[in-house]
Amino acid sequence: MSSFNSNSRAYLYSAEKPTDAQMEGFVKFLSKKYNREITVSWVNSKEFPGGFRLEIGNDVYDWSKEGKFEQLREKLSYLAKNSDNVIPLMKETVHSWTPAAIAREVGTVLTVGDGIATVEGLENVTFGEILIFTDGIRGMVMELRRDEVGVILFSDEAPIMEGSSVYRTGKTAGIPVGDGFIGRVINPLGEPIDGRGVIDSKNYRPIESPAPGIIDRQPVNRPMETGLLAIDSMFPIGRGQRELIIGDRQTGKTAIALDTITNQKGKDVICIYVAIGQKASSVAQMVNNLRNKGAMDYTIIVNASASDAAPVQYIAPYAGCALGEYFMQKGEDVLIIYDDLSKHAIAYRSLSLLLDRSPGREAYPGDVFYLHSRLLERAAHLSDELGGGSMTALPIVETQAGDVSAYIPTNIISITDGQIFLETALFFEGQRPAVNVGLSVSRVGGDAQTKAMKKATGTLRLDLAQYREMEVFTQFSSDLDDSTKNQLLYGKGLMRILRQKQYKPYSGEDEVILLVCALGRLFIPVPEKEINKVSEELLQYFRQNRPDIADRIRGSEGLPDEMKKEILAVGAEFMAKRK
């Protein structure tokens, strides 16, 4: 690229030749601006009616009608985003505004294709800066080289061609944020795509920002209840945690995420669902389901569908995270779901290969770990000095044939605070959610559980592990003693209790009651196929006859042995009446 310091000649393009006095004025202005002697050459041109265009190096002073109008449009756009009383201000601006002698650094498109443009002539451009192309198309700088930059494009590239002009904005990529986004469906650029009109937003956040430091965080110690007994009891999620949901396609990963969103109703949690590379019809159906459940009242959907270009899919999770940080820094609790980061990594791989970056393992670039670590580290439970807000991240990753040792899954497992592994075999056996108890873990553990839930869970994981082991050894045996038969019935009962239909979350009190009764072996006499029906009837019996127990669990600091015995007694009473 050329440097300003090596340019001492400027070019003035206009239809009429300037007078000597005007030329002297241009020389004085430029010499003072660039602190050196400048000579100005006039070029006869009819391309800039109603004014002129002055070029020095890569700087352009556009004093044509089009250039002045562009300045005015930018001023009005700024007022619209940052002022409350917009209309009077706009009228006053239009009547009193005068254009300023502002230099705009202009580059030239060298090549364009596949959502990527290479541009020369922007010597001061920065990584992540937004550039403006023909027809207002926006792009973001992703690659800095000695003589050119690589830019990813956020719109259709058709109007852009070799030789087109490119303008710097001086702004990093960002997204408008605000309370008006709640209940809406937007694209990663912050534009509404649900047909419900413009979103009123006066705040703006960069999509990339540093993660909170250690001093700015506090321990994860408040539960983010999913309403799913299998998860809340054994793999609890805390507010501010990052828990990975991982498994093959069609094993119920998204279902867990949507159940968790549904369960936040009335709990003052803002939910953000980022859909990456999904079918538009699937996202539309999901939005409809959430709306029917009343969950869209506190949910934002950020959608980068499969038909969107790779650059749009790439920025989607960062845009969703910026929205989440806006609410977190207001002291609110946020749940954000990235569905899924496998497709996000594939989009980034496509961009990297098109930008001529060196491929590594599985053709991913060398910084693919940093791609997700800088995203997921932004989830946190902020200190009380910063408002005490939290952002809980549930990234989703798709595996191939259950292989958790592939590149992207191992990367994200090492970044997150645990994983919920969904197994295909369990799913097709009807065990839904199909959580593999052996491979799943929460590194926050009991710190994110209520004391009542921690006490009620007891030996659940150990009992399930023993059942799975015994099931393998006894599947070929026909002659079993009564103790083994009872252990198998008990284990089958536990597995059945952990089955839940989608959009049917349990309250925390119901989970505690079910666990106490199940671990108290009250379900052993119940036929396996009837266990889910009987468990619903049991909870209904508690609600009708002993609502005080749920109130005491909700308000207690734990689960005293006396209360545990009381729950078992009421459960036994129900079982006796049922017979």
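Remarks
- Pick from region 267-283, criterion crowded, with 24+ Cβ neighbours inside 10 Å and over 15 Å from Ala304 (Cβ atoms), ranking: farthest from the chain's Cα centre (by Cα): Ile270
- From the options Ser352, Ser440, residue that is of a type outside the set (Phe, Trp, Tyr) and within 30 Å of Glu143 (Cβ to Cβ): Ser352
- Within the set Val287, Val312, the sole residue that is in contact with an Asp or Glu (Cβ under 8 Å, 6 or more places away or on another chain), in contact (Cβ under 8 Å) with a residue 12 or more places away in the chain and closer than 18 Å to Arg184 by Cβ turns out to be Val287.
- Test for Arg521: is it assigned to a helix (DSSP H, G or I) and of a type in the set (Lys, Arg): no
- Matching option when the condition is over 21 Å from the mean Cα position of the chain (by Cα) and more than 18 Å from Val312 (Cβ to Cβ), among Gly136, Gly183, Gly170: Gly170
- Neighbours by Cβ (under 8 Å, 6+ apart or cross-chain): first from region 399-414, in the same structural domain as Leu439 (by TED's automatic domain parsing); second assigned to a loop (DSSP other than H, G, I, E, B) and of a type in the set (Val, Ile, Thr): Ala406/Thr399; Pro409/Thr399; Thr410/Val404; Ile413/Val404
- The one condition in (1) modelled with pLDDT under 90; (2) outside any loop (DSSP other than H, G, I, E, B); (3) of a type in the set (Val, Ile, Thr) that Val141 fails to fulfil: (1)
- Strands (runs of 3 or more DSSP E) wholly inside region 179-291 containing at least 2 residues that are of a type in the set (A, V, I, L, M) and modelled with pLDDT of 95 or more: 244-247, 269-276
- If you check Ala465, Ala456 for being part of a helix (DSSP H, G or I), of a type in the set (Gly, Ala, Ser) and touching a residue at least 40 places away in the same chain (Cβ under 8 Å), only one passes: Ala456.
- From Thr459, Thr450, Thr474, Thr484, residue being modelled with pLDDT under 90, of a type in the set (Ser, Thr, Tyr) and touching a strand residue (DSSP E or B) at 6+ places or on another chain (Cβ under 7 Å): Thr450
- Of all the criteria given as (1) assigned to a helix (DSSP H, G or I); (2) among the charged types (D, E, K, R); (3) touching a helix residue (DSSP H, G or I) at 6+ places or on another chain (Cβ under 7 Å), the one not satisfied by Arg499 is (1).
- Screening region 1-94 for strands (runs of 3 or more DSSP E) wholly inside it with 1 or more residues that are surrounded by fewer than 16 Cβ atoms within 10 Å (Cβ to Cβ) and modelled with pLDDT of 75 or more returns the ranges 9-14, 39-44.
- So Thr410, is it out of contact with any Phe, Trp or Tyr (no Cβ under 7 Å at 6 or more places or on another chain), among the polar types (S, T, N, Q) and surrounded by 18 or more Cβ atoms within 10 Å (Cβ to Cβ): no
- Number of the condition not met by Ile553 [criteria: (1) outside any helix (DSSP H, G or I); (2) among the β-branched types (Val, Ile, Thr); (3) in contact (Cβ under 8 Å) with a residue 60 or more places away in the chain]: (1)
- In region 376-395, the residues that are surrounded by 24 or more Cβ atoms within 10 Å (Cβ to Cβ) and farther than 12 Å from Gln329 by Cα: Thr392, Ala393, Leu394, Pro395
- Checking Ala363, Ala322 one by one, the residue that is of a type in the set (A, V, I, L, M) and either over 19 Å from the mean Cα position of the chain (by Cα) or surrounded by fewer than 22 Cβ atoms within 10 Å (Cβ to Cβ) (or both) is Ala363 and no other.
- Condition check for Gly402: under 24 Å from Gly331 (Cβ atoms) and not basic (Lys, Arg): no
- Lone qualifier among Gly493, Gly508 - being of a type outside the set (Asp, Glu) and free of Cβ contacts under 8 Å to residues at least 60 places away in the same chain: Gly493
- Candidates are the residues of region 290-304 that are charged (D, E, K, R) and touching a residue at least 12 places away in the same chain (Cβ under 8 Å); the one that is surrounded by the fewest Cβ atoms within 10 Å (Cβ to Cβ) is Asp297.
- Search result, residues across region 554-579 that are at pLDDT below 90 and closer than 14 Å to Glu509 by Cβ: Arg554, Gly555, Ser556, Gly558, Leu559
- Given (1) part of a loop (DSSP other than H, G, I, E, B); (2) surrounded by fewer than 21 Cβ atoms within 10 Å (Cβ to Cβ), number of the condition Pro433 does not satisfy: (2)
The values are calculated or read from the model by the stated rules, or taken from the named source; none is laboratory data. Here the structure is a predicted model, which is why all the values come from computation and not from measurement. Quick reminder, even Gly has a Cβ in these numbers, built from the backbone with ideal geometry, and neighbours come from all protein chains shown.
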